[in-house]
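The next block holds one structure in the form of structure tokens; read it before the comments.
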Amino acid sequence: MFAHRWNPDWLATFTWLKCGIVASAYSFMTLFVRTRLDKRKIFSAENARSLASICLIHCQFLMGIVILLLILSAFYPHFPYWLTDTRYGRHGNSSLLEFFVILALCGALMYERTLIYIPAEDTAAEDEPQPAAN
């Protein structure tokens with residue numbers, strides 16, 4: 001039915017659709033899933049960061065993800081065979097390179113979550129003058 005064979009390794013070629021799907025999933029996990037689990041309200045008065053700084057931090061991480069996907073697709077033919085070999089696993093084809101990329105995305109996700117939320121009471125305590133020691 002289809003004239004082309006689907007490549008099971010999604011890192012082999014770069015398309016903006018793949019990039020948009022990865023960026024959307026990353027944005028959803030970063031901004032909305034954490035608030036449900038930790039009861040942190042990123043977009044509330046409990047966060048000392050402004051909406052503009054939250055968006056700026058998140059856009060920087062998204063730019064890093066786009067650059068990572070571009071670099072991986074450009075250097076994909078030059079990676080060793082053992083790194084890009086798709087092995088049939090229990091749930092489908094996957095390569096060691098895909099595992100490392102997903103691990104890197106999870107690390108970036110956890111690091112960004114620590115950057116975008118600062119409790120408001122922590123910054124208020126830092127702004128108060130400390131009593132002078134005699």
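I need the full set of residues from the range 91-101 which are under 15 Å from the mean Cα position of the chain (by Cα) and surrounded by fewer than 12 Cβ atoms within 10 Å (Cβ to Cβ), in order please. Before you say what the answer is, go through the steps one by one.
Within the range 91-101, the first condition is being under 15 Å from the mean Cα position of the chain (by Cα), and the residues that meet it are 98-101.
Within the range 91-101, Phe99 is the sole residue that qualifies.
Among the residues of the range 79-113, the ones that are out of contact with any helix residue (DSSP H, G or I) (no Cβ under 6 Å at 6 or more places or on another chain) and either at pLDDT below 85 or more than 30 Å from Phe43 (Cβ to Cβ) (or both) come to 17 in all.
The values are calculated or read from the model by the stated rules, or taken from the named source; none is laboratory data. For clarity, every value in this text was computed on a predicted model and none was experimentally measured. Here Cβ is always computed from backbone atoms with ideal geometry, including for glycine, and neighbour counts include all displayed protein chains.
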